[in-house]
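Notes to accompany the following structure.
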Amino acid sequence: MINRAIELIRKSTRPVIFTGAGMSRESGMRTFRGEDGLWKQYSPEQLSSISGLRSAPEVVWNWYRMRLMTGEGVVPHAGYKALTYLQSKKGKLPVITQNVDGLHRLAGQTDVLEIHGSMRTASCLDECGFSTELTSGILKNLPPFCPDCGAILRPDIVLFGELLPQKIISKSYELAEDCDLMIVIGTSVQVWPAAGIPFAALENGAVIIEINPVQTELPRSDHVISIRRKAGEILPLLVGLEEKT
């Protein structure tokens, strides 16, 4: 199985990466769902929606400040570095991610499609055009306001009730339909419409290498190679950064 995955990666001319929360979790990034009592005290719709942001901006931004502070010091693990190495070898290696933490970019990867947005930046809630990187200075006084029009700022993630960014999701499906290999890492393949991306690759003849310690929704098939290992352990081996022992 490992040898076949290595050979498929070596021969692939149109590979694509697809990652989920498990990729970030290996670096110590917490997902927060059900943790720290906040999801119990407040509903997800209150903490991650336009209506919640407008009705209780200080509460919502305290939540996001905590998430950002928890992510401080988190660095890409060896699996991210392996993908950066593979991208340099292939010349072109699009990365489609459900994660909002920016670790792929921090690892030096380019051509990253963040289908759920990014926690690293914020923009004007009233869409005046202002956008900024999120820093501790901006979050010193909550809620943060737009310096151009005075409206509240919002994190640049997809909030409850919002559609995924259509240009990015369309591009992701185009890549899935054209690729010859998709490496699916750390995702349960349950959150739609993002979960449809690996299935689109399968339906168009691509092979999938799935890296996840647990069973997912991907089918058992000759076109799906499931490696039940952590990405940080196995990706360096698969891309040739580590010698097989």
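Only the coordinates and a few stated rules stand behind these numbers; no lab work does. What you see is a predicted model; the values in this text were computed from it and never measured. Note: ideal-geometry Cβ built from the backbone for every residue, glycine included; neighbour counts use all protein chains shown.
Could you list His77, His104 so that the one with the fewest beta carbons within 10 Å of its beta carbon is first and the one with the most is last? Present the calculation step by step, with values, prior to reporting the outcome.
On the way: His77 23, His104 26.
Starting with the residue having the fewest Cβ neighbours, the order is His77, His104.
Working out 0.36 nm times the residue gap between Ile50 and Val191, then minus their Cα-Cα distance, what length gain in nm do you get to one decimal? Before the final figure, lay out each step's value.
Numbers: separation 141, 0.36 × 141 = 50.76 nm, distance 2.04 nm.
Full-extension gain reported as 48.7 nm.
Which of the peptides 224-233, 4-13 is most tightly packed, and how do the rest follow, judged by the mean count of other Cβ atoms within 10 Å per residue? If you can, show how the numbers build up before the last one.
On the way: 224-233: 18.2, 4-13: 14.4.
In descending order of packing, they fall as 224-233, 4-13.
Rounded to the nearest 20 Debye, what is the dipole magnitude of segment 87-179 about its Cα centre when Lys and Arg each give +1 and Asp and Glu each give -1 at the C-beta? Spell out each step's value before the answer.
Values: 9 positive and 12 negative charges, 80 e Å.
That gives segment 87-179 a dipole magnitude of about 380 debye.
For segment 63-192, max minus min Cα coordinate along each principal axis, in Å, sorted largest first?
Largest to smallest, the principal-axis extents are 48, 31, 27 Å.
For the ranges 187-198, 161-172, what's the packing order if you count other beta-carbon atoms within 10 Å of each residue, average per peptide, and put the highest first? Mind showing how you got there, number by number?
Working: 187-198: 17.4, 161-172: 13.9.
Taking the mean over residues of other Cβ atoms within 10 Å, the ranking is 187-198, 161-172.
Find the cysteines in the chain that fail to meet the 4.7 Å Cβ criterion with every other cysteine, and list them.
Unpaired cysteines in the chain: Cys179.
About the Cα centre of segment 166-244, what is the dipole size in debye to 20, counting +1 per Lys and Arg Cβ and -1 per Asp and Glu Cβ, all else neutral? Kindly include the intermediate steps, with their values, before the conclusion.
On the way: 7 positive and 11 negative charges, 59 e Å.
The calculation lands at about 280 debye.
Take every Cα-Cα pair in segment 116-233 and report what % of them are more than 26 Å apart.
Working: 2820 of 6903 pairs.
In whole percent, the long-distance tail amounts to 41.
Assigning unit charges at the beta carbon (Lys, Arg +1; Asp, Glu -1) and nothing else, what dipole magnitude in debye, to the nearest 20, does the chain show about its Cα centre? Display every interim value, and only then the final one.
Working: 26 positive and 27 negative charges, 123 e Å.
So the magnitude is around 580 debye.
Give the order of Met66, Met29, Met23, Met1 when sorted by the count of other beta carbons within 10 angstrom, beginning with the fewest. Write out the running numbers ahead of the final one.
Working: Met66 13, Met29 19, Met23 31, Met1 10.
Arranged by neighbour count, lowest to highest, Met66, Met29, Met23, Met1 become Met1, Met66, Met29, Met23.
Could you list log10 I(q)/I(0) for segment 63-125 at q = 0.12, 0.17 Å⁻¹, which the Debye formula gives when each Cα is one point scatterer?
At q = 0.12, 0.17 Å⁻¹ the computed log10 ratios are -0.33, -0.63.
Would you mind checking Lys167/Lys230; Lys11/Lys167; Lys92/Lys167; Lys11/Lys92; Lys171/Lys230 for any pair whose Cα atoms are more than 23 angstrom apart?
Lys167/Lys230; Lys11/Lys167; Lys171/Lys230
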